[in-house]
């Protein structure tokens, strides 16, 4: 049994969405056991009929950390919150991994102070499996998606080594290729930060660094791992996700203004559009996780629906199953 | 008559594409006169039948600046190149504006050294009309799209003032709103650079600064002007364009694998997809231009086709017609 501790109270919709995601995850995976944190009177009614109650534990928590709370201070001031209680279960080895759609700042701060950093980690990062358009290499491990926004070159050098271990375990590739996000592919391109980082990565013989890569190239599945500072990475991700959702929704809106398409044709187009949106706005991948802490802490979008929340639980399961975090600790 | 000096030799396809774009632009605009620079024996055969030859001048140039030449050095070492000759025509007031699909570094360097900076300009920027998904505000003036990659806060403060003048003239809006590209919309978000820039922009009472903005929000047409350093702006633009082309091409590829759609339906979808790609990969907008020089210098994609090149010429025409550059000089 894999045990996942889940903060059910947060996200834009609370238990209505999170518990629906939990029940779907339980139905799909017989080996999943969930520890649900929050208000039992709000959680209980959302558990769907037919759910295997032997694999569900509910833990009453008295408090909540909201998006307006100060991330670090709220972790200390609200020890009875679902977020803190669930992270403590992971830290105490009662649970294998954690999932929440809550304040990413608070989850990040809590993962460091409660679950604990890996030894030797300079600055933890946010990581995600970015979807690509390649059939043979459909995901790229992206480090950092938005946590370390004042990154130094030595941080990215460390992410290169950690990412190599993660990709080996999770993507089943022996010698994962690494690209450095940049505005051009030539070695000399970029600003002071990318030039220094390029140098450090080039000197590291334990990784498979392949030089600079531009956004449109990485999207085609050119590398297994993409390294970037958290500020640039976050802008890239939000640009991609915003364009994916925006352009497909616009297509759907405009495509039949003159009524020339049949209902059946429109249905086929809608199906394709929704599949594209789910794939390229991270719904399918289920959010991201913290790199540099002892155990898997999954952070999903506040706006996640039940499908994305279910996928976030599955991401937590696969992080545990792959033994990736144990390997990082070696 | 508006006179545009055009470097016909560069871009990935040379005169075959550039001259086709020129002829289409001439056909659409009776007030356009072109000065074509390059190898006459390569330009002449590409001029389409029916083109008004009274509005075409060809100037033989003996040399070319390629993408592998050092931008600044090649401007000095290759005075006979089409790029330098055409820029000189603009500097000497023989032409009103310049267009090229050549090395953006060399065009940028040449625009500074030959056409000349505006008085008081700290660091010129690359500017483009970014397409949005809004019907009422279909473009956003984006500064910087990739030139000033080591920007300082005071550079962006200056771009805010220059952008306000440009947007007034070109977008026909009295008090254009300005957003600062960031990873969150709260005032306190971002790194040291964005925080300092935020402060400077807030203090400037001559502009209509509306705070931080995230990529997915600016795409919805939330602001008239988007400010960013050139590194982040370039990553954003390439992420958007890469996703737009990638996701729509993928949709087209996958939508009829089971053959359920009729030829007519497929045709409608293809038309919508191509319209979307043209709009969101900058083909319709026709590239960008240099902000901070005396006269309009338009830089278009090396991979531009004849439609995009034609639109680049139209962009040069509208920069001249709007008197925007004259206003910047006041």
Which of the residues that make up the stretch A:229-246 are under 15 Å from the mean Cα position of the chain (by Cα), more than 7 Å from chain B (Cβ to nearest Cβ) and surrounded by fewer than 23 Cβ atoms within 10 Å (Cβ to Cβ)? A:230
Output the residue which, of all residues in the stretch A:190-217 that are more than 9 Å from chain B (Cβ to nearest Cβ) and part of a loop (DSSP other than H, G, I, E, B), is nearest to residue A:130 (Cα to Cα). A:207
When residue B:226 is evaluated against the numbered criteria (1) surrounded by 17 or more Cβ atoms within 10 Å (Cβ to Cβ); (2) within 7 Å of chain A (Cβ to nearest Cβ); (3) outside any helix (DSSP H, G or I), which criterion, by number, is the only one it fails? (2)
More than 14 Å from residue B:261 (Cβ to Cβ), more than 8 Å from chain B (Cβ to nearest Cβ) and in contact (Cβ under 8 Å) with a residue 60 or more places away in the chain: does that describe residue A:259? no
Checking residue B:220 against (1) facing another protein chain (nearest Cβ under 9 Å); (2) buried (at least 18 other Cβ atoms within 10 Å of the Cβ); (3) under 21 Å from the mean Cα position of the chain (by Cα), only one condition comes out false. Which one? (2)
Going through the stretch B:187-230 one residue at a time, which ones are more than 20 Å from residue A:229 (Cα to Cα) and without any contact (Cβ under 8 Å) to a residue 40 or more places away in the chain? B:187, B:198, B:202, B:203, B:205, B:210, B:211, B:217
Within the stretch B:21-51, residues within 16 Å of residue B:302 (Cβ to Cβ) and either under 19 Å from the mean Cα position of the chain (by Cα) or in a helix (DSSP H, G or I) (or both) come out as B:21
Some residue of the stretch B:280-303 being assigned to a helix (DSSP H, G or I), within 12 Å of chain A (Cβ to nearest Cβ), more than 30 Å from residue B:191 (Cα to Cα) and in contact (Cβ under 8 Å) with a residue 12 or more places away in the chain: no
Counting only residues in the stretch A:263-278 that are within 11 Å of another protein chain (Cβ to nearest Cβ) and surrounded by 18 or more Cβ atoms within 10 Å (Cβ to Cβ), the one nearest to residue A:138 (Cα to Cα) is identified as A:276
Determine whether residue A:249 is touching a strand residue (DSSP E or B) at 6+ places or on another chain (Cβ under 7 Å), modelled with pLDDT of 95 or more and within 13 Å of chain B (Cβ to nearest Cβ). no
Please state which one of A:97, A:82, A:101, A:49 is closer than 25 Å to residue A:232 by Cβ and in the same structural domain as residue A:11 (by TED's automatic domain parsing). A:101
Leading residue by the ranking (surrounded by the most Cβ atoms within 10 Å (Cβ to Cβ)) among those in the stretch B:67-107 that are closer than 26 Å to residue B:152 by Cβ and touching a strand residue (DSSP E or B) at 6+ places or on another chain (Cβ under 6 Å): B:107
Report yes if some residue within the stretch B:112-119 is surrounded by 20 or more Cβ atoms within 10 Å (Cβ to Cβ), away from every other protein chain (no Cβ under 14 Å) and assigned to a loop (DSSP other than H, G, I, E, B); otherwise report no. no
When you look at residue A:134, is it touching a residue at least 60 places away in the same chain (Cβ under 8 Å) and farther than 24 Å from residue A:304 by Cα, yes or no? yes
So if I check each of A:74, A:103, which one is more than 21 Å from the chain's Cα centre (by Cα) and farther than 24 Å from residue A:322 by Cβ? A:74
Subset of the stretch B:153-186 that is assigned to a loop (DSSP other than H, G, I, E, B) and within 12 Å of chain A (Cβ to nearest Cβ) - its residue that is farthest from residue B:230 (Cα to Cα): B:186
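The values are calculated or read from the model by the stated rules, or taken from the named source; none is laboratory data. None of these values were measured; they are calculated from a predicted model. Neighbour counts run over all protein chains shown; Cβ positions are idealised from the backbone, glycine included.
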